[in-house]
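The values are calculated or read from the model by the stated rules, or taken from the named source; none is laboratory data. Source: prediction; values computed, not measured. A quick note on method: Cβ atoms are made from the backbone with ideal geometry, for glycine too, and the neighbour counts reach across all protein chains shown. Remember, those area values only see protein heavy atoms, side chains included, never the ligands or the DNA or RNA. Shrake-Rupley method; radii C 1.70, N 1.55, O 1.52, S 1.80 Å.
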Amino acid sequence: MRIRITYLISYLFCLFFSGCNNVPESPEMSSNLPCIFPDYLGVTIPDGIAPLNFCIDGADRLDVIVTGGKEGELHVNGDYACFDIDDWHAITNRNRGDSLLVTVRAFQDKKWIQYKPFTIYVSEDSLGEWGVTYRLIPPGYESYGLMGIYQRDLSNFEETPILENSNIDGQCVNCHTPNCTNPEQFTMHVRGNNGATVVRKDGQLEVLAARNEELGGSMVYPFWHPTGKYIAYSTNQTRQNFHQLSDLRVEVYDETSDVIVYHVESREIILDSIVSQKDRLENYPVFSPDGKTLYYCEAQRVDSVWKTYQQIKYNICRIGFNPNTGTLEGTVDTVVNARSMGKSAVMPRVSYDGRYLLYTLCDYGCFPIWHPEADLWMMNLESGESFPLDKANSTDAESFHNWSLNSRWIVFTSRRDDGLYTHLYLAHIREDGRADKAFCLPQYNPQEYDAETIWSFNTPDFSIAPICLEKKNLYNQILSGKTAPPIRATKHGS
Amino acid sequence: MFFPFVAHKGDKSVQMKNIVKWWKTIISVLVGAVYFIICFFPLRALMNYHEEHHMFRWDSYYLKEQLASWEGAGEYLLSFITQFFYIGWLGAVIVALLMMGMQGFTWWLMCRVRLSRAWLFPLSFVPCALLFYYSFVPERYRQEAEFREVIEYDYLVRTQQWNAIVNKPETEQPATELGVWGTNFALAKCGQLSDFMFFFSQPGMNGLFDDGQQKEVLAYYSLSDIFLQLGLVNNAERMAFDAKQYIPQNHKSGRLYRRLAETNLINGNYTVSKKYLRILKSTLFYGQWARRFLEHIDDEEYISKAFAWQRSIRQSSGRELISPDKGELLLSLVRQNKENHLAWDYLLAYALLQRNLDKVARYMQMYQEAGYERVPRAVQECLIGNRLLGKEECPHIDFKADENVEMLTEAYFQILESKHDINDIQLNEPPFSHTYWHYQMQAIQKLQSP
């Protein structure tokens, strides 16, 4: 009797689920590619990346088969395509340098549709990084509420906080920057009542006063010297204004800005008039990988910026840097003359192999994140040729980019998904400096990610290992307001 | 028996017995009724305040998110209750039932520990009364009259009770910025701003709105309403977005999400709007609206029709960053759509608040050129007074003044000339205290005082 009941239950179970059409039977064939979210059609990924789970808006169920160009096959069936992490790693590893063919069947409008298969390319180039760090913040205007700096393991979906502002009286945290993706050395900035510049070197934390009278501002947009001896910052009087009548939202601009170099050990700021001219705006300093050159952006300063902000256009310049003395040497060389194109070039980043310069090109100003026309551009530093990264760019803003240590991958933010919330994208850079199609940072549940994410990702960078911090100690140091003694400043130049 | 104390007609002793038997229930119900009345009348605005700082969603994601922690579970329950405050009477009924339930439970507990004597019965009301007072009525609300006013005006603006605002007695004139903005907006909605604005205390050039950082989070809510109806969609969105960040404990607000969905629909940002609509669709009181627009999100014609007015008065002029001057901003609105009555009223009122005769005359001329014949009362006072002072307005406005306004303005200047004192009691009492010239003279005095 008991066996009969078990059979009956099993029969009803099967009947129930077959009624739900879980398994596609004779699907309608479509010549179209599936409209999946995130858009992973034709992207290039590194092996070992977290599974590219995806969904289709309006589909009740998906049945997905992934076939390796060399070997292997995955089959998933569910509300959205959700791959097992180990299986995904195995198939990407076995098909390195080849591709995966993805066949999607979707139950939509009460019928199964089989779409034209699409390809995901698995690059020969490995990522060589543990994960990424980024800030999560609501893309607000004057208020920001909760925000924090987070790290994410790129081989899976694990996200952990590095610093959340709920632990430091809701102050703004930003500009988290490691040295060459090494989390043992990083700097970041805290804005607010107990504002501070945090520097971590060799596991030691130092909390510096955020503002310095001699600078007239705080130290932002940092970049480490590869030796870890120096950090280049800019010190800016940043303002923002709001577009009341146009289709744009926010305009961020600097009334003044200078570039400074900070000597970590002596806590000395090295000022040089050549990168802190009164009539010019110098910004976004970065060192070359050999540490002998300082790149930065510069523009002519204007009065009444809110009236003339569209006239501010930045070029990318460089000048020699002596790592022994921490001083600038030689003459200023304009590397990207964006002004001659009627454009503005900002946020330079030299690849760690020294071959390419990645930057953002926009119509004007230094804060392209609110400019839909902002695109990533690449300059070949040997030939001087500049070109847009067409396959990585979109019709919306791309910015805040960084290189992986092996110079084969970049991470950047893009507003392409909805025009407001920035999301992280990664793109493979080929030998010739051109980008393959970028892919969105993989998400465990793309449906939830699409519907529920009301945060913007910004200032991302790669990290070769997770950051382990004594958070309580850091929170206490910030909250106590006890910052390191004033920093001495040494002036050079006229 | 459903009504246990109702006996047969004439059987008074049975009726009495039943009443005695059920007196505790009767008292509980009466106290419940008191809670209902308190919530529905004096604390109606406070209920609105609670509702707009919570958003309960009937979906698994929200459940999962909230039940991840004990605090979240508490919030889940709280948000579940506060969602019903959207409808005033329903919220008041729920609060009354909750209080009655809690009191009944307290009495049951007292009986369990043998504290069931009749004279101890009133004690069973104490815990829920304390809970009501300390959890439902925020500390600021109990202590600060200004906070109470802000909550009141926010509620009145949200529910568009313009007459209730305008008809407030003189003793209840607004003391907060939001109160003044709400009053001026209510006047404009009644088409009377540049007529009767000086019947109310006017603080100066910020009396219409201020789009900077606000002292009170609720000011963002109401300003968002004001900006949207004026046609300043970007500002409406900015206010809603900033308010969203200021809500404590990362709570969400159905009112703000709806506003963000609206502004993005008006501006054609459908993908962003979809995000908010999807979140709203599983709420009880915003869900229907959200589902309607989600269904038609790809139907440009439907959305254009639904927001035809907002789109017609919305200003979109390319890339330039507009001057921070409010007059310029309002001017661009009336240029965009001459039928934007609110913007016209605000433009004239702003010139009056600036005490700038040239602008009053210039804007009035534009107003007439746009086809409006009427000269608002306060504008008349301004123009007549200037003529009496021998100052010809530039440009010259042809109009037939109302007899009363002319007489009142002339009387004002006669008294001023005879007394030589703008602080004269007569000039500071109605009807003279309700005139443009009273505002003008007081403002000058303020400027001259050390």
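Tell me which lysines have Cα within less than 17 Å of B:K274's Cα, excluding those fewer than 8 residues away on the same chain?
The qualifying lysines are B:K252.
Averaged per residue, what accessible surface does chain A expose to a 1.4 Å probe, in Å²? Walk me through the numbers on the way to the answer.
Details: 19860 Å² over 494 residues.
So chain A comes to 40 Å² accessible per residue, rounded to a whole number.
Rounded to the nearest 5, what % of DSSP beta bridges with both residues in the protein assembly as shown are antiparallel? Before the final figure, lay out each step's value.
Numbers: 128 of 138 bridges.
Rounded to the nearest five, the antiparallel share is 95 percent.
Which listed residue (B:N163, B:T82, B:W344) has the Cα farthest towards the positive end of the charge dipole for chain B, taking +1 on Lys and Arg C-beta and -1 on Asp and Glu C-beta about the Cα centre?
Result: B:T82, furthest along the dipole toward the positive end.
Just how much of B:F293 is accessible, in Å², when a 1.4 Å probe is used and the result is rounded to the nearest 10?
Roughly 0 Å² of B:F293 is accessible to a 1.4 Å probe.
Interface B/A, total buried accessible area with a 1.4 Å probe, nearest 100 Å²? Kindly include the intermediate steps, with their values, before the conclusion.
Working: alone 23790 and 21640 Å², together 41880 Å².
Buried area between the two chains comes out at roughly 3600 Å².
How much accessible area per residue does chain B have, in Å², with a 1.4 Å probe?
Details: 22020 Å² over 450 residues.
Accessible area per residue: 49 Å².
Using only the heavy atoms of the protein chains and a 1.4 Å probe, how would A:W306, B:W289, A:W88 rank by accessible area, largest first?
Working: A:W306 75, B:W289 30, A:W88 0 Å².
Of A:W306, B:W289, A:W88, the descending order of accessible area is A:W306, B:W289, A:W88.
Please say if the protein assembly as shown is rounded, prolate or oblate, where rounded means a/c under 1.5 for a ≥ b ≥ c the square roots of the C-alpha gyration tensor eigenvalues, and otherwise the choice is prolate for a/b larger than b/c and oblate otherwise? Write down the numbers at each step before the final one.
Working: a/c = 1.82, a/b = 1.18, b/c = 1.55.
Oblate is the answer for the protein assembly as shown, as a/c is 1.5 or above yet b/c matches or exceeds a/b.
Rounded, prolate or oblate: which fits the range B:81-163, taking a ≥ b ≥ c as square roots of the Cα gyration tensor eigenvalues, rounded meaning a/c under 1.5, else prolate when a/b beats b/c? Display every interim value, and only then the final one.
Working: a/c = 3.93, a/b = 2.21, b/c = 1.78.
In terms of gyration-tensor shape, prolate.
Accessible area of A:W370, 1.4 Å probe, to the nearest 10 Å²?
Surface open to solvent at A:W370 totals about 40 Å².
Dipole magnitude of the range B:355-448 about its Cα centre, charges +1 at Lys/Arg Cβ and -1 at Asp/Glu Cβ only, in debye to the nearest 20? Mind showing how you got there, number by number?
On the way: 10 positive and 15 negative charges, 71 e Å.
In total the dipole reaches around 340 debye.
Can you tally the net charge around A:N22? Count Lys and Arg as +1, Asp and Glu as -1, for every other residue whose Cβ sits under 12 Å from the Cβ of A:N22.
On the way: positive: A:R61, A:R105; negative: A:E25, A:D60, A:D63, A:D79.
Here the charged neighbours net out to -2.
Work out, step by step, the length gained on full extension between A:N22 and A:D86: first 0.36 nm times the residue separation, then minus their alpha carbon distance; give nm to one decimal.
On the way: separation 64, 0.36 × 64 = 23.04 nm, distance 2.41 nm.
Extending this stretch completely gives an extra 20.6 nm.
Angle, helix B:436-448 long axis vs. longest principal axis of chain B, Cα atoms, 0 to 90°, nearest 10?
90
Among A:K307/A:K391; A:K471/B:K275; A:K278/A:K343, which pairs are too far apart, with a Cα-Cα distance over 32 Å?
On the way: A:K307/A:K391 35 Å; A:K471/B:K275 34 Å; A:K278/A:K343 22 Å.
Pairs exceeding 32 Å: A:K307/A:K391; A:K471/B:K275.
Report the Cα centroid-to-centroid distance between the range B:258-274 and the range A:440-488 in angstrom, as an integer.
30
Under the definition of Cα pairs under 8 Å and six or more residues apart, what whole-number percent is the relative contact order of chain A? Display every interim value, and only then the final one.
Details: 1286 pairs, mean separation 71.4, N = 494.
The normalised contact order for chain A reaches 14 percent.
Express the carbon and sulfur contribution to the solvent-accessible surface of chain A as a percent, rounded to the nearest whole number, probe 1.4 angstrom. Display every interim value, and only then the final one.
Details: 9540 of 19860 Å².
Percent of accessible area from carbon and sulfur atoms in chain A: 48.
Can you tell me the 0 to 90 degree angle between the C-alpha axis of helix A:2-19 and the longest principal axis of chain A, rounded to 10?
60
Hey, which lysines would be in cross-link range of B:K446, C-alpha to C-alpha under 21 Å, not counting anything within fewer than 8 residues on its own chain?
Correct list for B:K446: B:K419.
Using only helices, what value at 222 nm comes out for chain A when you add -39,500 (n - 2.57) per DSSP H run of length 4 or more and divide by the total residues, to the nearest 500 deg cm²/dmol?
On the way: 5 runs with 49 residues, N = 494.
It comes out at -3000 deg cm²/dmol, rounded to the nearest 500.
Among B:P431, B:A306, B:A361, whose Cα projects farthest towards the positive end of the dipole of the range B:302-450, with charges put on the beta-carbon of Lys, Arg (+1) and Asp, Glu (-1)?
The residue sitting farthest along the positive end of the dipole is B:A306.
So if R0 is 56 Å, what FRET efficiency would B:F80 and A:F387 give, r being the distance between their Cβ atoms, rounded to the nearest 0.05? Can you show the working numbers first?
Details: r = 56 Å, r/R0 = 1.00.
For R0 = 56 Å, the calculated efficiency reads 0.50.
Summing -39500 (n - 2.57) over the DSSP H runs of n ≥ 4 in chain B and dividing by its residue number, what mean residue ellipticity at 222 nm do you reach, to the nearest 500 deg cm²/dmol? Present the calculation step by step, with values, prior to reporting the outcome.
Details: 25 runs with 282 residues, N = 450.
Helix-only estimate at 222 nm: -19000 deg cm²/dmol.
In terms of the Cα gyration tensor, with a ≥ b ≥ c the square roots of its eigenvalues, is the range A:191-283 rounded because a/c is under 1.5, prolate because a/b exceeds b/c, or oblate?
Values: a/c = 2.26, a/b = 1.66, b/c = 1.36.
Prolate.
Based on the Kirkwood radius over alpha-carbon pairs, what is the Stokes-Einstein translational diffusion coefficient of the range A:384-447 at 25 °C with 0.890 mPa s viscosity, in µm²/s? Mind showing how you got there, number by number?
Numbers: Rh = 12.4 Å.
In µm²/s, the coefficient is 198.
Quick one: Debye curve from the alpha-carbon atoms of the range B:222-294 only, equal weights, vacuum; give me log10 I(q)/I(0) at q = 0.19 Å⁻¹ to two decimals.
Here the Debye-derived log intensity ratios amount to -0.73.
Run the paramagnetic zone check for B:N404: 7 angstrom along Cα to Cβ, then residues of the range B:347-376 with backbone nitrogen under 16 Å.
Of the residues in the range B:347-376, B:375-376 have backbone N under 16 Å from the label point off B:N404.
Any chance you could give the angle, 0 to 90 degrees and rounded to 10, that helix A:471-480 forms with the longest Cα principal axis of chain A?
Around 40 degrees separate the two axes.
Going 7 Å from the Cα of A:E159 along its beta-carbon direction, which residues of the range A:34-60 have the amide nitrogen within less than 17 Å of the resulting point?
A:38-39, A:50-55
Mind checking which of B:N264, B:N337, B:N167 has the largest fluctuation in a GNM of chain B, springs on alpha carbons under 10 Å?
B:N167
For A:L381, what accessible surface area do you get with a 1.4 Å probe? Give it in Å², rounded to 10.
40
Across the residues of A:442-448, average count of Cβ atoms on other protein chains within 10 Å?
On the way: counts 0, 0, 0, 1, 0, 2, 3.
Taking the mean over all residues of the peptide, I get 1.
Within straight cross-link reach of B:K24, meaning Cα distance under 28 Å, which lysines are found once same-chain residues fewer than 8 apart are removed?
B:K9, B:K12
How compact is chain B by the rule of thumb for globular proteins, expressed as Cα Rg over 2.2 N^0.38 Å?
Here the answer is 1.24, to two decimals.
Arrange the peptides A:293-303, B:423-433, B:54-64 so that the one whose residues have, on average, the most other Cβ atoms within 10 Å appears first. Mind showing how you got there, number by number?
Working: A:293-303: 20.4, B:423-433: 13.5, B:54-64: 17.1.
Averaged packing, sorted descending, gives the order A:293-303, B:54-64, B:423-433.
If you put +1 on each Lys and Arg Cβ and -1 on each Asp and Glu Cβ, how big is the dipole of the protein assembly as shown around its Cα centre, in Debye rounded to 20? Numbers along the way, then the final one.
On the way: 90 positive and 112 negative charges, 611 e Å.
Its charge dipole is roughly 2940 debye.
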